[in-house]
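The block underneath contains the structure these notes are about, expressed in structure tokens.
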Amino acid sequence: MPIESTQPAGSPVSGDNMTEIYRTIARKVKEGASVLFLGPGAMQIKGPDGRWQPLTDLCARHLAGKYGLQLLPEEEHTLPYIASLLRIRNLATDSMLQEDVANFYKDQADRAEFHPVLSLLTDLRFKIVINTTPDNFITRFFDEIARAYQTDLYNWYKPAPGFGFDFEKIPKVLIYNLFGHYEKPESLVLTYKHQLAYIKKIVSEQQNERLPDALTNAFKDFRYHLFLGFDFEDWNLRLLLDTLYKNVRDNIQPFAYPLKGQRDTEADTRVFFQGEFSMQFPKIDLETFVTTLVEHYQNLDNQPQGSTPEQARAQVLILHNEAVDNDGAEMLIKYLRTINLKVLTLRDAVGQGETLAWVEQTLGQCQVVLPLLSVDFFDAANNPALPLLDEIVRRNNPRKQFLVMPLLLKAVTLDGPISQLESIRPLDRQAILGAGQESKYFAEIIDGLKRYIDKLPRA
């Protein structure tokens, strides 16, 4: 269930509501259902003056000093601005800037003192960490706790074909550098010109140039996204998120936490990100958020038994031939976990008495029924719910909180009452399995279900 703010943009959130948000995020993180996005402000080190500062800002000042760049007080001291200014004044070429940045980060790798909030973050259970800075120094904190991870990057200059990470089978954290890595200087996105070229690549129709579909599709399985240390006034964030969320726009709940003292996000910017991506902007700085989140995370095990801070919005009953179509059902359940549902199957009838009676009773408690159709679904010997199918179809009344949505799991010829339902998915009535379009079809199904369930009356 998304946590939708009922407050005007930028207004304070009540203490109770804030606690509930922390609990929900902590629970999702512990379930491994969250993605961590590290912005330029998240990777902080102790600067020469003893203050914690973003490493990218220190890199920008290093470049300005090296090339004798004089800046006015009102000018930005960000890395894209400084790099672009050096480039247009012909003080440095692209390759020179990339090598300069690479050498700066190599030097910092050995002597930088990093902010302790980073070790707190890596104690949490994120499956995906998206990094937007030239380094992957976050890995050293995973090394300190012997947490297994795999690193990868997008090289806009020469995108690599394929994406070798299986989210289902590899029990590691994926740390993915969106804008390159200093060990491959040509991959670094530094100037505004680089940013434009980068955006053109990641939205390309050519599959070997754009961001890996396997990565962007994976976001469906990780609903809660935490953006730490981002400046949302940065123009390219709009296009970047539009690309990252192209297949999951309605299935994610992102939250943004800025660096303490960072400029406030303008009202029109908040409205854009809230409207397009459901981004929430709690009035909490990055450090306070992380330390408080860790406290709630550690307290989850101390909650009373049966505590349910976030009640399921609906119950969904999946009907299928368990002997043959269980793999398809498990794949669907994985996608259903991205929305706040209680999922039931015939396995839940075990120990509950006669199966048919259990199904009849459960129908009175469910708001959605999903028959997974295949030739084997209509095998009465292996589908004990089949005698109730026509009755289930007759009861279909979405406006009365009872939706029957048959899913064409495998190719099958339909007739009878079920063939007349307009709620059959996929809409083109092609089989979900067998053509390599499973991710696309399941994403469309989950999108529709989420919109329906979000409109159901709250208990």
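Taking the numbered list (1) of a type outside the set (Val, Ile, Thr); (2) touching a Ser or Thr at 6+ places or on another chain (Cβ under 8 Å); (3) over 18 Å from Tyr176 (Cα atoms); (4) modelled with pLDDT under 95 in turn, Leu69 passes all entries but (2). In a residue-by-residue description of segment 106-114, the property of being touching a strand residue (DSSP E or B) at 6+ places or on another chain (Cβ under 8 Å), assigned to a loop (DSSP other than H, G, I, E, B), in contact (Cβ under 8 Å) with a residue 40 or more places away in the chain and among the aromatic types (Phe, Trp, Tyr) applies to no position. Reported count of residues in segment 213-231, each being surrounded by fewer than 21 Cβ atoms within 10 Å (Cβ to Cβ) and part of a loop (DSSP other than H, G, I, E, B), is 1.
A quick yes/no check of all residues on (1) surrounded by fewer than 19 Cβ atoms within 10 Å (Cβ to Cβ); (2) touching a Phe, Trp or Tyr at 6+ places or on another chain (Cβ under 6 Å); (3) assigned to a loop (DSSP other than H, G, I, E, B):
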| position | (1), (2), (3) |
| --- | --- |
| Ala380 | yes, no, yes |
| Leu389 | no, no, no |
| Asp428 | yes, no, yes |
| Ile432 | no, yes, yes |
| Gly436 | yes, no, yes |
| Lys440 | yes, no, no |
| Ile445 | no, no, no |
| Leu449 | no, no, no |
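Restricting attention to segment 161-184, the residues that are among the charged types (D, E, K, R), touching a residue at least 12 places away in the same chain (Cβ under 8 Å) and part of a loop (DSSP other than H, G, I, E, B) total 2. When segment 369-411 is filtered for residues that are under 34 Å from the mean Cα position of the chain (by Cα), under 19 Å from Arg429 (Cα atoms) and of a type in the set (A, V, I, L, M, F, W, C), the ones remaining, listed by number, are Val369, Leu370, Leu372, Leu373, Phe377, Leu403, Val404, Met405, Leu407, Leu408, Leu409, Ala411.
Residue check: Asp94 meets all listed conditions (1) more than 22 Å from Gln207 (Cβ to Cβ); (2) at pLDDT 90 or above; (3) assigned by TED's automatic domain parsing to the domain that holds Trp235 but one, namely (3). Looking across segment 361-402, the residues that are of a type in the set (Gly, Ala, Ser) and out of contact with any helix residue (DSSP H, G or I) (no Cβ under 7 Å at 6 or more places or on another chain) come down to Gly364, Ser374, Ala381.
Restricting attention to segment 88-99 and to residues that are under 33 Å from the mean Cα position of the chain (by Cα) and surrounded by 19 or more Cβ atoms within 10 Å (Cβ to Cβ), the residue that is farthest from Arg61 (Cα to Cα) turns out to be Gln98.
Scan segment 391-404 and give yes if some residue there is farther than 25 Å from Asp454 by Cα, of a type in the set (Asp, Glu) and not assigned by TED's automatic domain parsing to the domain that holds Ile25, otherwise no.
Kept after step one, since they are farther than 25 Å from Asp454 by Cα, are these residues of segment 391-404: 391.
Checking the rest, the ones that are also of a type in the set (Asp, Glu) come to 391.
In the following step, the residues that additionally are not assigned by TED's automatic domain parsing to the domain that holds Ile25 were identified as 391.
Looking for residues that are farther than 25 Å from Asp454 by Cα, of a type in the set (Asp, Glu) and not assigned by TED's automatic domain parsing to the domain that holds Ile25, one finds at least one in segment 391-404, hence yes.
The values are calculated or read from the model by the stated rules, or taken from the named source; none is laboratory data. Computed from a prediction, not measured in an experiment: that's the story for all the values here. Positions of Cβ are backbone-derived with ideal geometry, glycine not excepted, and every protein chain shown enters the neighbour counts.
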